[in-house]
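Student: Please read through the structure below; I'll follow up with questions.
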Amino acid sequence: MKSGHPQQNDLHPVMVSIIIVNWNSKEYLRQCLLSLQRHCPRPDMEVIVVDGASFDGCGEMLAREFPSVIFIQSELNVGFAKANNLGARSARGENLLLLNPDTEFVEDSISVMLAAQAGLPAAGAIGCRLLNRDQSLQTSCVQAFPTALNQALDSEFLHKLFPRSSLWGMAPLHSGSDQPTPAEAISGACILVKRKFFEEVGGFTESYFMYGEDLDLCFKLTRAGHPSCYVPGTRLIHYGGGSTGQAVSNFSTVMMRVSVHQFIWKHHGPFSALAYRLSTAFSALVRLILICPLLLFGNRVVSHGQGSLRKWSAILRWSLGLAPEVAKPRSAVPAPVTPTPAPTP
């Protein structure tokens, strides 16, 4: 593992340490850092990038194009939670901004979130409005903590029918206010948190490999008296899937369920976890029954149906305990990624 602080930063106090975990996301990372330079210039800021054994050339790119960035090379793909904790241990800032590499600033969101934090000194995880590539709202930027019930009822149809229901935790998105609003959980794509609060709860729980660690962090912070806060007055583009989306596989799909199952077991007990697993099996089985007739239609429908068939088959196997172990990716040759530039606001 290699790490180091650029000497020129050691004399300056640091208000914000931005921690970015990279895994095969070099091009997204470059765009993220360029947008950070353009929209959030701060002399009291440091950037720490942790590469999770993707060895995609991001270290060389950072040395060449962003020499002030602190780079940590992990020799193993230790997962998102542990990689963030590695970065946090090297941070000097009063605050940590936990940021995905596939995000892009379109304004000075950091200053807006810091201002909100100043008015809410007990707040834990603070997040902002996340936008999709097409500038539409990313509804996952705030969430409810997972339970067997809300996971069993989780569907886009019900989200649209009852958008303010406490089951989904998305009511802050529909408040119509630009003021900071309480939320259950903030998306891990962008979380601002005081370092002392992060350390108080032990940082990310490292037993999560990917997904779920942001929910768990928000839960631990809330339990410690530091509730989450959503700041709708500023926005950030989150392309989504910048790392895992580069290869078509069922890994991410199954890992999402694994992480939710782990969260429910940890915080609600084994019976709730079993109920979640059984409801997931039932949901997957129903979808497979509905998907099969699609295979009788045209090529485009058949192709879509086959993809859905593989996805829900993998979920069904996991939920029934037929495929309990999920292979975790270690290092790989990254596919070229060219993110679409964000429209000028």
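Student: Work through the residues other than L173 whose Cβ is under 14 Å from its Cβ and net out their charges, Lys, Arg +1 and Asp, Glu -1.
Tutor: Details: positive: R129, K160, R164, R235; negative: D178, E184.
The answer is +2.
Student: Counting pairs on different chains as well as pairs 8 or more places apart, how many Lys pairs in segment 7-244 have Cα atoms under 24 Å apart?
Tutor: Details: K26/K82; K82/K194; K82/K196; K82/K220; K194/K220; K196/K220.
Eligible lysine pairs with Cα atoms under 24 Å apart amount to 6.
Student: Now, a different point. Points 7 angstrom from Cα along the Cβ direction at K196 and R317: gap in nanometres?
Tutor: Here the answer is 5.0 nm between the modelled labels.
Student: Quick one: order I72, I19 by neighbouring beta-carbon count within 10 Å, fewest to most.
Tutor: Working: I72 22, I19 25.
By the 10 Å Cβ count, ascending: I72, I19.
Student: Would you mind classifying segment 18-174 by shape? Square roots of the alpha carbon gyration tensor eigenvalues, ordered a ≥ b ≥ c; an a/c under 1.5 is rounded, otherwise it is prolate if a/b is larger than b/c and oblate if not.
Tutor: prolate
Student: So what's the net charge close to F204: Lys and Arg +1, Asp and Glu -1, counting the other residues with Cβ under 14 Å from its Cβ? Provide the component values of the computation, followed by the final result.
Tutor: On the way: positive: K82, R89, R195, K220, K266; negative: E199, E200, E206, E213, D214, D216.
Neighbour charge sum, excluding F204 itself: -1.
Student: Where a ≥ b ≥ c are the square roots of the eigenvalues of the C-alpha gyration tensor, would you call segment 147-269 rounded, which needs a/c under 1.5, or, failing that, prolate if a/b is larger than b/c, or oblate? Don't skip to the end; give the middle numbers.
Tutor: Numbers: a/c = 1.28, a/b = 1.05, b/c = 1.21.
Rounded is the answer for segment 147-269, as its axis ratio a/c remains below 1.5.
Any read-out appearing in this document is the output of simple, stated calculations on the displayed coordinates, not a laboratory observation. This structure is a prediction, so every number in the text was calculated from the model and none was measured. Every residue, glycine as well, gets a Cβ built from its backbone with ideal geometry; the counts of neighbours run over all protein chains shown.
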